[in-house]
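Structure first, commentary second.
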Amino acid sequence: MALTEYEGAIVLEVDGVEIECDSFEPTIKTGRKPVKTMNSTGRSKGFSRGIEEITLKVSVLIPLTGDINWEDIEGAKLTRYPQGGGGKRVSFLDCYTVEVGEKYKVDNEAMRDLTMNSTRKIEE
């Protein structure tokens, strides 16, 4: 029986420039909501379609020089792909920054925590 290889570490690019990333967490809210009705079953009978929301949580290392001005990011393309090659490239288009925070710990590198939104996701 052959071993199956799974996706592991990724590479993250912002507008084609590789960034040093500690974690990347995309979340997609489909926009669907249950439609509640009063009926004999006491259950929802279906759903309505709404607006999809894509939220990206990114933790990046803070370099001593040459840091990206994360607060000013608008209309960016974030692309992630497997570090070892193979697999799919997934891009998030028209990204903009919503929140920027910093984190300092005694035994770790300084990190910048970002919350971004995107208007669409594509597989390349």
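The values are calculated or read from the model by the stated rules, or taken from the named source; none is laboratory data. Note that the structure is predicted; figures quoted are calculated from it, not measured. Note: ideal-geometry Cβ built from the backbone for every residue, glycine included; neighbour counts use all protein chains shown.
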query: Which one is surrounded by the fewest Cβ atoms within 10 Å (Cβ to Cβ) among residues in segment 43-56 that are under 30 Å from Leu114 (Cα atoms) and either of a type outside the set (A, V, I, L, M) or in contact with a helix residue (DSSP H, G or I) (Cβ under 8 Å, 6 or more places away or on another chain) (or both)?
result: Arg49
- request: Give the residues of segment 102-116 that are without any contact (Cβ under 8 Å) to a residue 12 or more places away in the chain and under 12 Å from Glu71 (Cβ atoms), sorted by residue number.
  value: none
- line: For segment 29-44, pairs from a residue that is under 30 Å from Arg120 (Cβ atoms) and free of Cβ contacts under 8 Å to residues at least 24 places away in the same chain to a residue that is acidic (Asp, Glu) and in a loop (DSSP other than H, G, I, E, B), with Cβ under 9 Å and 6 or more apart or across chains, are Thr30/Glu52; Gly31/Glu52
statement: Within segment 96-120, restricting to residues that are of a type in the set (Lys, Arg) and over 18 Å from Glu74 (Cβ atoms), the one that is modelled with the lowest pLDDT is Lys105
Residue among Ser59, Ser40 that alone is loosely packed, with under 10 Cβ neighbours inside 10 Å, among the small types (Gly, Ala, Ser) and out of contact with any Gly (no Cβ under 8 Å at 6 or more places or on another chain): Ser40
